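One structure below.
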Amino acid sequence: MLLQWFAEGTDPDEALLAFRRLSEDLGESHWYLRMLRDSSGAAKRMTQVFSTSRLATSLFERMPEAAAWFDREEELVPQKLEQLQLQFQAIISRHEDPESAANSIKAIRRKETLRVAIGFVVGSLDLDATSRGLSDLTEAYLVSMQELATSSMLAKIGNLSHELLIVAMGRFGGAELVFGSDADVMFVYKPTVTDVNIAQSEAQELVSEIRRLCSDQILEFELDLDLRPEGKNGPIVRSIDSYASYYGRWAGTWESQALLRARVISGEGSVKDEFVSLIDRYRYPEKMESSAVIEIRRIKARVEVERLPLGADPMRHLKLGRGSISDVEWLVQLLQLKHGYSNLNLQTPHTLQALEELEKAGIVQASDAIVLKQAWQLSSAIRSALMLAQNKRTDVLPTDRQQLESVARLLEYPRGGAGALEQDYLATTRRARAVFEKLFYD
């Protein structure tokens, strides 16, 4: 049966090679041999992973003992944020050296990423559960590295001159990460000394140390700071007063839109409240002027022309294409900017939750909300599946039939389902684009 299951996969040769390596690593383990002999479900799940996901297969090479999860589907449930925080905190408590603690935490992150990957591949986790698992893992990982970096600095200088906040942005802010997503963040601090230059210098040093500790050569961890004020040209960390000054002088619809998904994940309570109070003024304006609506439409049109990679088919780009992720998010965010001040239920960083509340409020018709939700979910699921299948990032629906077939199988299409997936995507995004154009330019 094993050979038959391997043959039914999208990459049987790679799967057989992965199985041979795993068996060499675990060949003397009684539980492994017993699992292969007695559990057809476990064996089938194993062949499914090895024949469809290069990302999971590469992680197995470092963690062969994770094969035990194939025999117990309940092991594929991602750990919740609180569980991860306790686990990382225990590691920090056991290690005096921040470097060794960071290495142990990195190992846990790889293990938990593999757990989520297997769960998605074998169909135990849907898109929502996968996104929540990856987002919780990223949050716990980043905050634990902040704690280690802070400990290192305290050991050197005795006291810190500031309180640091980490603000999750974009899909991270919405707890909507998929495989291949960057972690978008902003760093904010409040000085606790009168000399703001000292506070700025120490905050920059702390952020640099956090980024260094987070870096992982085995399983890439990418912190993206481009959503901060002034983007790549701006400082990597600013004081709350600096944010207030910038937004007060320069904030436009682009900044307000980006702040809709801002979610503070670490920092002292009163400092957090102060920052949230600041940004609420811009992301939930009492009134959205018609000039701001015109501006956001103009920016969206420019993004469609300038940000789409040269030669990319706008019908197949999963993030920036017609009717894909970008269209849904820009529409939802425009409506949040318009109505978020008067409707508190719209004050959420979560795209689908905001869409649901827009429907409940009668701002978006139920039939249109369904179309938008389907397009956002399918585009997101395909992006995740592409990363799992190829172990490299891409935002374009493949034209290569083997690549498309591997994505289709990960999304539970039957064998030979590449064409059906392609047609489903094109039809779904075509309907979503029609809804977008109707509502965005209304």
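The values are calculated or read from the model by the stated rules, or taken from the named source; none is laboratory data. Predicted model, so just to flag it, every value in this text is computed and none were measured. Don't worry about glycine lacking a Cβ; one is built from the backbone with ideal geometry, like all the others, and counts go over all protein chains shown.
Here is how the numbers come out for the structure above:
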{"item": "Candidate set from segment 258-280 (those that are over 24 Å from Met145 (Cα atoms) and out of contact with any Phe, Trp or Tyr (no Cβ under 8 Å at 6 or more places or on another chain)); member that is surrounded by the fewest Cβ atoms within 10 Å (Cβ to Cβ)", "result": "Ser277"}
{"item": "Residues of segment 196-219 satisfying the condition of being within 30 Å of Leu59 (Cβ to Cβ) and of a type in the set (Ser, Thr, Tyr)", "result": "Ser208, Ser215"}
{"item": "Matching residues in segment 338-363 - criterion: being surrounded by fewer than 22 Cβ atoms within 10 Å (Cβ to Cβ), touching a residue at least 12 places away in the same chain (Cβ under 8 Å) and of a type outside the set (Ser, Thr, Tyr)", "result": "Lys338, His339, Asn343, Asn345, Gln347, His350, Leu352, Glu356, Lys360, Ala361, Ile363"}
{"item": "Residue within segment 65-83 that is aliphatic (A, V, I, L, M) and either touching a Pro at 6+ places or on another chain (Cβ under 8 Å) or over 24 Å from Leu26 (Cβ atoms) (or both) present", "result": "yes"}
{"item": "Residue within segment 414-425 that is under 30 Å from Tyr284 (Cα atoms) and at pLDDT 95 or above present", "result": "no"}
{"item": "The lone exception for Asp25 - which of (1) acidic (Asp, Glu); (2) modelled with pLDDT under 85; (3) under 24 Å from Arg109 (Cα atoms) it fails", "result": "(2)"}
{"item": "Among residues of segment 288-330, those that are under 19 Å from Ala432 (Cα atoms), part of a loop (DSSP other than H, G, I, E, B) and of a type in the set (Asp, Glu), counted", "result": "1"}
{"item": "Qualifying residue in segment 164-178 (condition: surrounded by fewer than 21 Cβ atoms within 10 Å (Cβ to Cβ) and either touching a residue at least 12 places away in the same chain (Cβ under 8 Å) or not assigned by TED's automatic domain parsing to the domain that holds Ala244 (or both))", "result": "no"}
{"item": "First in segment 179-208 and under 30 Å from Ile382 (Cβ atoms), second anywhere and among the β-branched types (Val, Ile, Thr) and part of a helix (DSSP H, G or I), Cβ under 7 Å, 6 or more apart", "result": "Ala183/Thr138"}
{"item": "Matching residues in segment 213-251 - criterion: being among the charged types (D, E, K, R) and either surrounded by 13 or more Cβ atoms within 10 Å (Cβ to Cβ) or within 22 Å of Leu278 (Cα to Cα) (or both)", "result": "Asp216, Glu222, Asp224, Asp226, Arg228, Glu230, Arg238, Asp241, Arg249"}
{"item": "Considering residues of segment 282-291 that are more than 26 Å from the chain's Cα centre (by Cα) and charged (D, E, K, R) only, the residue surrounded by the fewest Cβ atoms within 10 Å (Cβ to Cβ)", "result": "Glu286"}
{"item": "Test: residue in segment 39-52 that is assigned to a helix (DSSP H, G or I), farther than 20 Å from Ala117 by Cα and in contact (Cβ under 8 Å) with a residue 12 or more places away in the chain", "result": "yes"}
{"item": "Selection status of Leu331, over 30 Å from Glu405 (Cα atoms) and in contact with a Phe, Trp or Tyr (Cβ under 8 Å, 6 or more places away or on another chain)", "result": "yes"}
{"item": "Selection count, segment 389-433, where residues are of a type in the set (A, V, I, L, M) and free of Cβ contacts under 8 Å to residues at least 12 places away in the same chain", "result": "1"}
{"item": "Wholly within segment 191-287, helices (runs of 4 or more DSSP H) carrying at least 1 residues that are over 27 Å from Arg302 (Cβ atoms) and acidic (Asp, Glu)", "result": "196-214, 240-250, 269-283"}
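Residue-by-condition table, conditions (1) closer than 18 Å to Arg393 by Cα; (2) out of contact with any helix residue (DSSP H, G or I) (no Cβ under 9 Å at 6 or more places or on another chain):
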position: Gly174; (1), (2): no, no
position: Phe179; (1), (2): yes, no
position: Asn197; (1), (2): no, yes
position: Cys214; (1), (2): no, no
